[in-house]
1. Please list, ordered by first then second residue, the pairs with beta carbon atoms under 9 Å, 6 or more apart or interchain, first in the range 253-268 and on the phi < 0 side of the Ramachandran plot, second part of a helix (DSSP H, G or I) and β-branched (V, I, T).
2. Return a yes/no flag: does the range 269-276 have any residue that is farther than 26 Å from E142 by Cβ and either crowded, with 18+ Cβ neighbours inside 10 Å or at pLDDT 95 or above (or both).
3. What are the residues in the range 55-81 that are of a type in the set (A, V, I, L, M), modelled with pLDDT of 90 or more and more than 29 Å from V109 (Cβ to Cβ), if any?
4. If we scan the range 239-251, do we find a residue that is more than 25 Å from A160 (Cα to Cα) and surrounded by 14 or more Cβ atoms within 10 Å (Cβ to Cβ)?
5. Which count do you get for residues in the range 205-232 that are surrounded by 11 or more Cβ atoms within 10 Å (Cβ to Cβ) and at positive phi?
6. Mind checking which residues of the range 27-57 are in contact (Cβ under 8 Å) with a residue 40 or more places away in the chain and either surrounded by 16 or more Cβ atoms within 10 Å (Cβ to Cβ) or of a type in the set (S, T, Y) (or both)?
7. Which residues, counting only those in the range 139-164, are assigned to a loop (DSSP other than H, G, I, E, B) and either over 15 Å from E247 (Cα atoms) or under 39 Å from the mean Cα position of the chain (by Cα) (or both)?
Amino acid sequence: MSLKKSTKVDTNRYELEITIDGATFCDAIAQVYKKNRGKISVPGFRKGKAPLNIIEKYYGEEVFFEDALNLLYADALEAAAEEAGVVIVDDEMKFDLVKIAKDGVEFKVTLTVEPEVTLGDYKGLEAERVISTCTDEEIEEEIKRLQDRNSRIVTVTDRAAAMDDMTVIDFEGFVDGVAFDGGKAEGHTLTLGSGQFIPGFEEQIVGHNTGDEFDVVVTFPEDYHAEELAGKEATFKTKLYEIKAKELPVADDEFAKDVSEFDTLAELKEDLKKKALERKDKMADEDVENQLIGKVVESMKAEIPEAMFESRANESVREFDYRLRSQGMDLETYLKYTGSTVEDMKKTFRPQSEAQVKMRLAMEKIVELENFEITAEEIEAEYTKLAESYGVEAAQVKAAIAEKDVKRDLQMNKAIDLVKSTAKIKDVTEKTPVEEKPAPKKKAAPKKKAAPKAEEKAEETKAE
């Protein structure tokens with residue numbers, strides 16, 4: 001199998017003329033014969049026992065041509081693209097079968113490829129890094145969150161209801177003195193200030209005590225979903241059965257012992273400050289990386305085909321579906337609940353997809369220019385690292401992720417490291433405002449293409 005000729009026919013469009021030698025094609029025919037002979041009947045032979053030459057005489061020499069070409073097509077196309085020095089970016093290609101016979105196959109494929117990329121400076125770039133600080137107020141907020149997580153709910157008997165209390169109420173709603181459907185409940189739990197009820201309802205419970213019976217008068221919004229109630233005044237006969245509130249633990253040394261491994265509140269606060277600074281340092285480093293990559297991308301010149309953005313958006317949708325399934329839902333159900341479509345989701349992912357594609361093209365160009373080498377030891381170490389992060393054996397990771405993809409990711413990381421290591425970083429207390437860009441993600445490896453039908457000779461079609 002080899003590339004006969006590569007011709008650029010348009011911007012990011014190439015025609016590849018590919019040949020498969022006779023010996024390789026005949027080997028593929030033999031493989032297809034072995035796989036399918038059990039399904040073929042020939043007079044005078046038991047089913048599955050007819051030799052290849054007999055089947056070809058009975059059904060025609062080309063009986064296995066289509067399946068044999070399908071068997072070889074993906075590898076032939078991939079090898080030809082690599083030899084031509086192009087990377088295929090879409091699944092829709094024009095196919096023209098020039099010749100197919102036992103002495104060899106010849107076909108043409110017109111396809112979209114990654115664009116030619118030129119970069120400006122990617123070394124010595126400038127970026128600002130915000131110096132991490134942590135105030136006493138921030139630590140106190142952390143302590144309050146710890147108190148809230150360790151709070152308990154208690155029944156209030158010595159005061160009236162207040163905002164943020166949890167109340168248990170009965171209510172029944174009336175409009176013009178007539179009860180309406182859906183306006184009645186018993187033993188309903190309502191947190192005051194949650195905005196769960198019609199505006200004004202929760203505020204009118206404030207100030208009442210357990211056991212009180214009272215009217216709550218509100219007006220339904222003009223855009224209320226029940227048209228018969230929209231814009232109308234309603235009276236809710238209400239009874240307050242119970243008031244509950246959060247009781248926060250006192251922030252002292254005993255509290256510190258209960259919620260951490262520290263003996264004193266001062267030690268706990270010091271640890272919270274240390275961790276907060278570590279988080280901020282990490283965020284500052286990530287921000288510097290995004291600034292630098294953004295500048296590399298801004299200097300890049302390339303006519304990027306729409307297919308690349310479309311493909312990345314599709315991948316984002318598939319990744320979102322995978323996350324949903326891990327949570328017990330699927331994309332179809334999610335779309336039904338939200339009233340959206342796959343196209344809506346792709347539009348949402350579009351800005352992120354464009355940023356990711358541009359970042360990958362820029363980093364791949366740096367890899368090409370710098371000719372980064374990846375050793376076998378580095379690849380093995382990465383497999384080990386991935387296995388540890390997934391909690392599986394390295395062999396399982398190797399079976400799931402091709403070595404070439406691991407190598408590509410390592411090269412991309414070296415490109416990013418080069419940009420960062422040669423950059424001029426200025427420490428600042430507050431970063432100069434710039435337009436925020438979506439954080440890039442790595443692109444999944446391209447899928448192999450399936451072969452077109454062999455009998456579509458001399459016709460242009462799309463490879464499935």
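The values are calculated or read from the model by the stated rules, or taken from the named source; none is laboratory data. It should be emphasised that the depicted structure is a prediction, and the values quoted were computed from it without experimental measurement. Heads up, the Cβs are rebuilt from the backbone with ideal geometry, glycines too, and the neighbour counts pull from every protein chain shown.
1. F255/I143; L265/I143; L268/I143; L268/V259
2. no
3. Matches in the range 55-81: none.
4. yes
5. Going through the range 205-232 one residue at a time, the tally reaches 2.
6. Selection gives A28, I29.
7. Of everything in the range 139-164, those that are assigned to a loop (DSSP other than H, G, I, E, B) and either over 15 Å from E247 (Cα atoms) or under 39 Å from the mean Cα position of the chain (by Cα) (or both) turn out to be N150, S151, A160, D164.
Table: residues versus (1) at pLDDT 70 or above; (2) loosely packed, with under 15 Cβ neighbours inside 10 Å.
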{"residue": "A376", "(1), (2)": "yes, yes"}
{"residue": "A387", "(1), (2)": "yes, no"}
{"residue": "V392", "(1), (2)": "yes, yes"}
{"residue": "A402", "(1), (2)": "yes, yes"}
{"residue": "V419", "(1), (2)": "yes, no"}
{"residue": "K426", "(1), (2)": "yes, yes"}
{"residue": "E435", "(1), (2)": "no, yes"}
{"residue": "K447", "(1), (2)": "no, yes"}
